[in-house]
1. Over the stretch 51-137, how many percent of alpha carbon pairs lie in each 5 Å bin up to the one with the longest distance?
2. Decide, for the stretch 78-122, between rounded, prolate and oblate: order the square roots of the alpha carbon gyration tensor eigenvalues as a ≥ b ≥ c, take rounded if a/c falls under 1.5, and otherwise choose prolate if a/b is larger than b/c, else oblate.
3. Enumerate the calculated ³J(HN,Hα) couplings along the stretch 251-268 in order (Karplus 6.51 cos²θ - 1.76 cosθ + 1.60, θ = phi - 60°), each rounded to whole Hz, writing x wherever the residue is Gly or Pro.
4. How big is the convex hull of the Cα atoms of the stretch 277-321, per residue, in Å³?
5. Report the per residue volume, in Å³, of the convex hull enclosing the C-alpha atoms of the stretch 187-293.
6. What is the set of long-range amide H partners of residue 272 at a cut-off below 5 Å, with H atoms built 1.01 Å from backbone N?
7. Apply the Karplus parameterisation 6.51 cos²θ - 1.76 cosθ + 1.60, with θ equal to phi minus 60°, to every residue of the stretch 139-149 and state each ³J(HN,Hα) to the nearest whole Hz, in sequence, with x for glycine and proline.
8. What is the calculated FRET efficiency for residue 255 to residue 168, with r their C-beta to C-beta distance and R₀ = 56 Å, to the nearest 0.05?
Amino acid sequence: MSWLSRIPVDRFLLAIIAAAVLASVFPAGGVWVDVLDVATTVAIALLFFLYGARLSPSETLAGLRHWRLHLTILGFTYLAFPLLGLAVLAVVGPLVGPGLGAGLLYLTLVPSTVQSSIAFTSIAKGNVAGAVVSASASNILGVFLTPALCWLLLSSTGRVAFTTSTIVDILLQLFLPFVLGQLSRRWTAGFVNAHPQLKLVDRGSIVLVVYSAFSTGMREGMWTQTSWTSLALVLVVCLLVLALMLWLTWWTARRLGFSRADVIAIQFCGTKKSLASGLPMAGVLFAGQPLGLLMLPLVLFHQAQLMACSALAGRYARAAD
């Protein structure tokens with residue numbers, strides 16, 4: 001059973017699963033619903049302020065000299081993935097229901113990860129500098145592109161409706177804190193980057209979002225709206241989407257003539273989807289709507305990408321040696 005210890009199970013993911021299970025057994029009720037709503041709103045705003053304080057736009061702009069690499073990665077993140085999401089929704093959506101169907105499309109619209117994209121690229125001896133710039137640019141642009149793509153694609157499916165209130169919430173909880181974080185970098189960037197323990201604030205905020213979403217889902221009978229067959233089908237679809245994108249990023253990058261180091265960066269950055277950004281964004285974008293089922297595909301995809309990319313990074317490292 002020693003192989004079990006080598007499976008890269010993210011502790012952060014375990015905390016998210018624990019929050020979902022806790023909310024399913026002990027959902028918030030009564031006056032705690034209002035308290036939780038306020039706490040979640042404040043936590044999401046703080047989270048995006050910290051994102052803004054951490055990400056350096058000057059470093060991103062300076063690294064854009066390798067524009068072919070970055071455009072290729074962004075093309076996979078914000079063009080190829082959404083197109084694949086639409087195809088998946090058309091085929092699988094009627095089989096899994098509106099909540100899980102919207103969740104499958106939503107997971108294709110969120111930004112790439114930062115930390116794991118860079119870490120796996122480094123392990124595989126890829127272009128780490130390119131990964132840093134592309135992953136950072138993906139997250140900066142994602143604050144604006146993900147809501148726009150959700151409005152364009154999810155509202156057209158009839159499964160999600162964006163109102164004036166939603167737009168105001170996006171501006172106040174996502175855009176404004178992020179911009180303030182960027183503007184405050186002169187005073188806050190050093191402190192934030194020097195205190196990695198602030199990641200606990202990030203992760204605590206996300207766990208809070210998950211508990212709030214699943215509490216709401218339980219009050220609305222979330223688990224009566226789906227079946228174990230649908231959940232199993234969603235897991236299979238997530239694995240197939242990941243396998244297809246891993247192959248497509250590698251094949252396309254090779255066809256475009258990129259070096260081996262660049263191909264590795266393109267594969268690891270172009271196939272990732274960020275749980276850390278995606279879940280809080282969902283809490284704002286779909287406020288007042290059932291979120292539990294919508295979040296599940298992203299949670300499943302996140303763990304699958306960690307396991308697959310960990311194995312690939314080790315393989316590439318051995319090949320380089």
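1. 3, 14, 19, 18, 16, 12, 10, 7, 2, 0
2. Details: a/c = 3.41, a/b = 2.46, b/c = 1.39.
Prolate is the answer for the stretch 78-122, as a/c is 1.5 or above and a/b outweighs b/c.
3. With coefficients 6.51, -1.76 and 1.60, one gets 5, 5, 4, 5, 5, 7, x, 6, 5, 4, 4, 5, 4, 5, 4, 5, 5, 6 Hz.
4. Numbers: hull volume 2.6 nm³, N = 45.
Cα-based convex hull of the stretch 277-321, divided per residue, equals 58 Å³.
5. Working: hull volume 17.1 nm³, N = 107.
Dividing the Cα hull volume of the stretch 187-293 by its residue count gives 160 Å³.
6. The list, which skips near neighbours in sequence, is 113.
7. The phi angles translate into 6, 5, 5, x, 4, 9, 6, 4, x, 5, 5 Hz.
8. Details: r = 44 Å, r/R0 = 0.79.
For R0 = 56 Å, the calculated efficiency reads 0.80.
The values are calculated or read from the model by the stated rules, or taken from the named source; none is laboratory data. This one's a predicted model, so the numbers in the text were calculated from it and none came from an experiment. Heads up, the Cβs are rebuilt from the backbone with ideal geometry, glycines too, and the neighbour counts pull from every protein chain shown. Note: accessible area is taken over every heavy atom of the protein model, side chains too, but ligands, DNA and RNA are not part of it. Shrake-Rupley method; radii C 1.70, N 1.55, O 1.52, S 1.80 Å.
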